[in-house]
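The values are calculated or read from the model by the stated rules, or taken from the named source; none is laboratory data. Everything quoted here is computed from the prediction, not taken from an experiment. All Cβ positions, even for glycine, are placed from backbone atoms using ideal geometry, and neighbour counts span all protein chains on display. Ligands, DNA and RNA are stripped out before the accessible areas are found, and what is left, the full protein with its side chains, is counted by its heavy atoms. Shrake-Rupley method; radii C 1.70, N 1.55, O 1.52, S 1.80 Å.
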Amino acid sequence: MATLIMLMHLWSVIPTAAADNQPQCHQLSTPKMETYSKDGDVVLGIMAAIHEESIFPSTNLFFTDPPTPRHCQKIHIPFYQSLLAMVFTINDINRSHKILPNTTLGFRIYDSCHSQVSAVGGTLQQLSGGTETIPNYLCQSHPKLAGFIGDGPSAGVLPMANVLGNYRFPQISYVASLPVLSDKVQFPSFLRTVTSASFQADALVQILLHFGWTWIGIVTANNDLGLQGSQTLRKAAEENEICIEFYETLPTQISMNSFARVVSIMQKSTAKVIVCYTYGVHITALLKDISMQGTSSKIWIGVTTWIPSTVFSRRDLWETLNGTLGLAVYSGEIPGFKEFLYNIHPLTDTEDIFMKSFWEQVFNCKWVDAFKEVAMENITEGTRLCTGRERPESLDASVYEVNDFRFPFAAYNAIHALAEGLGDLRHCKPQEGPFSNRSCADPMDFQPWQMLHYVKNVHITSSDGSEFFFDEFGDSPPLLDLVYWHMTSNDTTKYVKVGIYNASAPPDQKLVINESAIFWGGKYTQVPISVCSESCSTGFRKSAITGRPSCCFSCVPCPDGSIANHTDSLDCIKCPLDHWSNSKRNLCIPKEIEFLPYEEPLGFILALVAIFLFFNASGTLCLFIKYRHTPLVRANNIQMSYILLVALMMCFLCSLIFIGRPKRVTCMLRQVIFGISFSFCVSCVMAKTATVLIAFKATRPNSNLRNWVGSRTSYLIVLTFSLIEFTIGVIWLATSPPFPELNNNAGNWKITAECNEGSILMFYCILAFMGFLACVTFGIAFMARNLPDTFNEAKFITFSMLVFVSVWITFIPAYISTKGKYLVAVEIFAILSSGAGLLYCIFAPKVYILFLRPEMNTREYLLGKYSSKIGNIYSWMEEECIEFI
C-alpha cells in the first residue's frame, strides 16, 4: 500500500524538454498542503492527524489527471492537543537556551487528516523544501531539516517510514504502536515515544487474570493494528486459560445497520467483558448501535487507539460507556502546559490555522466578519455565533482534558528527543566524535543519518522523574496506564488513573491496580464475574464438557479419600494411607487409631467382668481350701479342683492382655497364654472326669484299669495335654510370632491398631487342639452319665463342655467376619463366657451346698441309697489313697 501511494506521487512528476533539450522536471498542479509553520535555524517536520476525516470527491480520474483536492473535517481534539504540546515545547526550548544555546528551533506542521495519501504527500513536500513536491530532490538547503515527527495513526506512519528510512531521516511517532514498526530492517530510522502494541496483549491478559475474567469477547477493526493486536491477544489469552466466546471483525465501511450482526452476537453472549481493538471512529459507530439496543451491562476494555478519544464526549453514549476500563498511553507531567491550554485563543494565536476550527467545534458556534469569511446569509436560524468570550476552562474533561496528558506527553518527549539529539550533535568535540576517524557532524550541514545516531542515543529525565530513552528497536520504555472512565454525580465525566503496567518489571509486579478507585460505572456493586462456568470450590474438580472451550466445565465432587484443596482443581489428590478426607473433601486429616482401650465403655465392662470372674474363681478356691476336710470337697478330687480353679483364674486374667493398644510383648503372649490356659483348664476337667470313670470301671474283677487309678493319672493327663499346647505355642513364637501393626484397610476414617497373628495357621492349630480336648472331655463325661448321681458331676461337666464347645464354634465365624476393636471384644467375650461356663457349671452346685445346704455336706448323705456298693468303693479308694471325684 505504501509503495502504491509513493508511485502516485512519483507519477505526478513527468520529464519535459527545455529549449536547450535538457530534461527538466515539474509537478502537474498538485495542490499544495496548508502549513502551520514557524521559522528557525533548524526546523522540524511535523505530520499531525489534526482532522479525523479526509474526504476526496468521488470522480473518475484518468491516470494522467492530477489528484482532486481533499476536504478535511472534524478536529481530533487529543491529537490537536498533542500539536499544541509540540508548539509549546518548541517555544519553551527556544526560550530556555539550555538544550540548544544560540540555536532556534522552527517547525512546519502539515495535517494528514488521517489520510495515507496526505501523509506521504506532506512528507515529500517537506523533503523537497516545503514548497513543491519533487521526489528525491531538496530544493532548499536552509533552514536545515533535523527530523520528522508523526504521523498520528499507524496507517499514515507506515508509508512515511518507508520513505524516510531510505534517507535515514529520524522519524519519531507519538501515536503509532503497530508492532511491525519495531523491525529495523524495514524501518531503520523509525522511533516512537509510545509503547509498542505488542505489550498491550500481555497487559490486557494481566488485567483479565487480575479480575478473574476468563470468558470474554473480542471485537477488532479490520486493519493491521486491530487484526495483529487481537490475534496476539487471542493467543496470549489461550495460553493463560482465558476463553473467547466470540471474535468479530468490524466492517471497514461504516453504514446504517453495518454492525447489526455484531450487536446481535453481543446481546446473546454471556461474556460480560468485551475487549475492543479498534479506533475511535469504529467504536463510536458500534456503541451507537449497542446503546439503541439497550446492551449496556457489558464492561468495555479498550486499547490505546481509542482511550482516550472523542467517543467519550458523546452524551448519548455515556450510559453505555460508563465503567469502561482501558489501556492508555503513559501520562506524564508537562510543566506550564495546563496554563497554556487555558490561555489559547483564536484572536491572539492567529498563526495557528487549526485553532478557529477547534474553537467552533468545542463551543458549537460559528465565526463571522473578517476573522472567518462566512456570509451572514449563510448563517441559519439557531446557529450560535462565536463571541471570543468563550473560555476553555468551561469545557468538560471528556472534550478538553487539561489534567491528564497522554499523547501530548508523548509528543512532548518526541520534541525533546530531537532537540536533545541536535544538542548532542552540536556539542560534539573534535576527535571525540562517534563517526569515522572520531569525527563530528557539521553543526550547520549535518546528514540525516548523523542526526539519527544522536537521537537514538538520547536519555532524558522528565520533570516528574520518569526516564525516557529508545531501546535497540527504537521503542520507548514499555509503560502503559490503566484508566477508568465513569460518569460523576454532577452529570460530568472523569478519567481516573487506576493502575500502571510496566513490562520491564518482575512478572508479579508488572501490573499494579488500585481497585478501590473503580466503581464499575454503577452497573455492578462489586467486581463483575465473567466466566463460562462458576469456579469449582475446594472439594471439587473440574470436568470438561464435550464440545465446549476449556473454560466451560462442570464441578465433580472428589471421591472419598481424595481432596481438592484449592479452587478449580483439575484432579483430586489422594490422601496418604494414614489420612482420610474430611466431609468437605478439602483437607486430609489423620485417621483415628482404633483399638479397645480401658477408657471405652466396652473395654471397661469387659475388664470389669474379667476381674469379677477372677474373684469368683479365687473365692471358690479359697472356699474349697477352707472346707477341704469336708466330704463334699474331698469327694471332688481336691487337687484337680485346685488346679482347675487356678487355671480358670489365669484364663480370666489373660483376657486383660487383649485390652489396650497392642504392643509387641502383648501381641506375642496373648494368644499363646490364652491357648495354654484353656488347654490347662480343659485338661483338668478331662482328668477329673477320667479319674472317676476309671475308678468305677476299675472295681470290676481282673480290670486292667486298676493300674491307672490314682492321682498320677490326673497329673499325667494335665501335663501331657498342656505340654502339647505349650509346644504349639513355642513353635508359633519361634517361627512366625505375632506383631503389632496398623491396619489401614479397616475403614475409611480409622486405622485399627491390631496384632497380626503372624501365622494364622498356628492360631487355628491352638484353637483346634483346644477344641479337640473339649470334644474328648465331652465324650468322657457323656460316658460317665450313668454313674450314681450322688458322686457323679459328669452331667455338670457335660453341660459345661457343651457351653464351651458352643461358644468356640460360634466364635470362629464371628471372628472371621468382625474387624477392628470388635474382633478383640468377640475373642474376650468367648474367653470369659467359656471360662464362666466351666466355673459355674462345675463349681456353682458345690458352692451352693457349702453355703446354703451344709446338711448335705456329710458322709451319710454322700453314701445315700447306694451305701452298700458305694461304701465298698469308698473303702477301696481310701485304701488306695484316692479321693472321689
Just to confirm the filter: which GluC sites (Glu not before Pro) across the stretch 262-357 are DSSP coil and have at most 10 other Cβ within 10 angstrom of their Cβ? Glu351
Whole-Hz Karplus couplings 3J(HN,Hα) for the stretch 457-471, θ = phi - 60° and coefficients 6.51, -1.76, 1.60, Gly and Pro as x, run 9, 6, 9, 10, 10, 6, 5, 8, x, 6, 9, 10, 6, 10, 8
Proximal aspartates and glutamates relative to Lys846, as straight alpha-carbon distance under 12 Å, when same-chain residues fewer than 8 apart are discounted: Glu793
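Counting only protein heavy atoms, what percent of the accessible surface of the stretch 445-558 is carbon or sulfur at a 1.4 Å probe? Intermediate values should be presented prior to the final figure.
Numbers: 3040 of 5860 Å².
Reported share for carbon and sulfur atoms: 52 percent.
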Amide H of Gly150 versus every other amide H placed in the peptide plane: which residues, excluding those fewer than 5 positions away on the same chain, fall under 5 Å? Met47, Ile172, Ser173, Tyr174
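Could you report the chain's accessible area per residue, 1.4 Å probe, as an integer in Å²? Please report the intermediate quantities before stating the final value.
Numbers: 41120 Å² over 885 residues.
Per-residue accessible area for the chain comes out at 46 Å².
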How far is the Cα center of the stretch 284-324 from the Cα center of the stretch 402-439, in Å? 39
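Can you give the alpha-carbon Rg of the chain over 2.2 N^0.38 Å, where N counts its residues? Don't jump to the answer; show the numbers that get you there.
On the way: Rg = 54.3 Å, N = 885, 2.2 N^0.38 = 29.0 Å.
Ratio of Rg to 2.2 N^0.38 Å for the chain: 1.87.
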If a/c stays under 1.5 just call it rounded; otherwise compare a/b with b/c (prolate if a/b is bigger, oblate if not). Do that for the stretch 77-127, with a ≥ b ≥ c from the square roots of the Cα gyration tensor eigenvalues. oblate
List the residues, sorted by chain then number, that are 5 or more residues from Asn756 or on another chain and whose placed amide H is less than 5 Å from its amide H. Phe739, Glu741
Label model pair Arg712, Lys626: point-to-point distance (7 angstrom along the Cα→beta-carbon line) in nm is 3.6
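On full extension of the chain, what length is gained from Phe799 through Gln509, given 0.36 nm per residue of separation minus the C-alpha to C-alpha distance?
Working: separation 290, 0.36 × 290 = 104.40 nm, distance 8.77 nm.
Full extension from Phe799 to Gln509 adds 95.6 nm.
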So the carbon and sulfur contribution to the accessible area of the stretch 97-209, 1.4 Å probe, in percent, is 53
Excluding same-chain residues fewer than 8 positions from Lys456, which lysines have a Cα within less than 16 Å of its Cα? Lys184
Provide the FRET efficiency to the nearest 0.05 for the His566-Ser297 pair, computing r from the beta carbons and using R0 = 22 Å. 0.10
Under a Cβ-only charge scheme (Lys and Arg +1, Asp and Glu -1), can you give me the dipole magnitude of the stretch 84-237 about the Cα centre, in debye to the nearest 20? 320
I'd like the distance separating the alpha-carbon centroids of the stretch 474-528 and the stretch 570-589, in whole Å. 41
Taking every other residue with Cβ under 9 Å from the Cβ of Asn748 and scoring Lys and Arg +1, Asp and Glu -1, one gets +1
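Taking the Cα centre of the chain as origin, sum charge times position over the Cβ atoms of Lys and Arg (+1) and Asp and Glu (-1), and report the length of that vector in debye to the nearest 20. Before the final figure, lay out each step's value.
Details: 65 positive and 73 negative charges, 1148 e Å.
Roughly 5520 debye, rounded to the nearest 20.
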Residue pairs, from the table Lys235/Lys494; Lys795/Lys821; Lys38/Lys497; Lys542/Lys821; Lys338/Lys429; Lys272/Lys494, whose Cα atoms sit over 30 Å apart: Lys235/Lys494; Lys795/Lys821; Lys38/Lys497; Lys542/Lys821; Lys338/Lys429
Restricting to lysines and to Cα separations under 17 Å from Lys366, and discarding same-chain partners fewer than 8 apart, the set is Lys74, Lys356
Estimated inter-spin distance, Asn343 and Phe739, nm [label 7 Å along Cα→Cβ]: 9.6
Principal axes of the stretch 80-220: Cα extent on each, largest first, Å: 59, 36, 28
In nanometres, what is the gap between the two model label sites at Glu534 and Gln431, each 7 Å from Cα along Cα-to-Cβ? 8.1
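Kindly provide the helix-only [θ] at 222 nm of the chain, computed as the sum of -39,500 (n - 2.57) over DSSP H runs of four or more divided by all residues, to the nearest 500 deg cm²/dmol? Present the calculation step by step, with values, prior to reporting the outcome.
Numbers: 23 runs with 362 residues, N = 885.
So the helix-based figure for the chain works out to -13500 deg cm²/dmol.
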Once amide H atoms are placed 1.01 Å from N in the peptide plane, what residues at a sequence separation of 5 or more from Leu178, or on another chain, have their amide H within under 5 Å of its amide H? Ala197
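In the chain, which whole DSSP H runs stretch at least 18 Å along their own axis (Cα) and average 1.6 or higher on the Kyte-Doolittle scale?
Working: long enough: 77-96 (28 Å, 0.54); 154-167 (20 Å, 0.71); 198-211 (21 Å, 1.06); 224-239 (23 Å, -0.83); 280-293 (20 Å, 0.61); 407-426 (28 Å, 0.43); 601-626 (37 Å, 1.97); 638-654 (24 Å, 2.24); 664-697 (49 Å, 1.32); 711-735 (36 Å, 1.33); 760-783 (34 Å, 2.35); 794-817 (35 Å, 1.65); 821-852 (42 Å, 1.63).
Membrane-span-like by this rule: 601-626, 638-654, 760-783, 794-817, 821-852.
Roughly what % antiparallel, to the nearest 5, for the DSSP beta bridges in the chain? Let's see the in-between values first.
On the way: 49 of 89 bridges.
Beta bridges within the chain, antiparallel portion: roughly 55 percent.
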Student exercise: in the stretch 548-701, how many lysine pairs 8 or more apart or on different chains have Cα atoms under 27 Å apart? 5
